[in-house]
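In what follows, a structure is listed as structure tokens, so that the remarks can point back to it.
Read-outs throughout are calculated quantities, based only on the coordinates presented, and are distinct from any laboratory measurement. What you see is a predicted model; the values in this text were computed from it and never measured. Glycine gets a Cβ as well: all are built from the backbone with ideal geometry, and neighbour counts include every protein chain shown.
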Amino acid sequence: MKVLHMLAFAAIGALFSAAGLAWAQAGRQPVDWPAVSLESIGGGKLPTADYAGKVVLLVNTASKCGFTGQYKGLEALWRRFGDKGLVVLGVPSNDFGGQEPGSREEIKRFCEAGFDVTFPLADKQVVSGAAAHPLYRWAAAQTGALGAPQWNFHKILIGRDGRVVDWFSAAGGLGPKLERAIEAALAAPG
């Protein structure tokens, strides 16, 4: 009997989750890419206006995290889907566990030498709470508390229309679910 109750609650929870996701996506506001101002880790402004009409995988990164190896997978996604309209946008942050203490030059050198990173990297930013960069405050408003970064290598997938498609926790890695979501977002009209 206890198993039946658990199954019933799981089924009800799944229905509410699916309904909530559909409702949440309908109310999401698009990001205004031309208005987003981010410094590049190499200096100068990132060309965020160029991201309009593209699929963007927004990832807060850290060099001294147990998930730092995900840089390799992010670079693979960038190389696989970049010419199809995907932008992998790495945003180093020291918000979680103090795991990104380095300067912009140290972070850039680490990413290039250790992981051959060629996807766009912003300068280090705050990505959580009231002091978060405006792009992350916008994302948190779209995803709610559960979709806001709780740790390093949290991923937010933004569609061609500028709306959040989905988010993926760091622990979820870079598996098939994320790849299927990217492929679907790339296939969707802008």
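Report the local net charge at Lys124: Lys and Arg +1, Asp and Glu -1, summed over other residues whose C-beta lies under 15 Å from its C-beta. The answer is -2.
Would you mind getting me the FRET efficiency between Lys84 and Ala130? Use the beta-carbon distance for r and R0 = 30 Å, nearest 0.05. It comes out at approximately 0.25.
When Phe168, Phe115 are arranged by Cβ crowding within 10 Å, least crowded first, meaning fewest neighbours, the order is Phe115, Phe168. Within segment 30-82, none of the chymotrypsin sites (Phe, Trp or Tyr not before Pro) combine a DSSP coil assignment with at most 10 other C-beta atoms in a 10 angstrom radius. Here is what passes the span test in the chain: the DSSP H helices with alpha carbon length of 24 Å or more along the helix axis and a Kyte-Doolittle mean of 0.5 or above are 2-26. Taking each residue as 0.36 nm, the span from Arg180 to Asp116 lengthens on full extension beyond its C-alpha to C-alpha distance by 20.6 nm.
The helix-based estimate of mean residue ellipticity at 222 nm for the chain, built from -39,500 (n - 2.57) per DSSP H run of four or more residues and divided by its residue count, is -12000 deg cm²/dmol to the nearest 500.
Three semi-axes describe the equivalent ellipsoid of segment 66-158; taken as square roots of 5 times the Cα gyration tensor eigenvalues and ordered largest first, they are 21, 18, 11 Å. For Val87, nonlocal amide neighbours, meaning residues 5 or more places apart or on other chains whose placed amide H falls under 5 Å from its own, are Val55, Val56, Leu57.
Rg/Rh for the chain (Cα atoms only, Rh after Kirkwood) is 0.99. Pairs of lysines in the chain whose Cα atoms sit within less than 17 Å of one another amount to 12, provided the residues are eight or more positions apart or on different chains.
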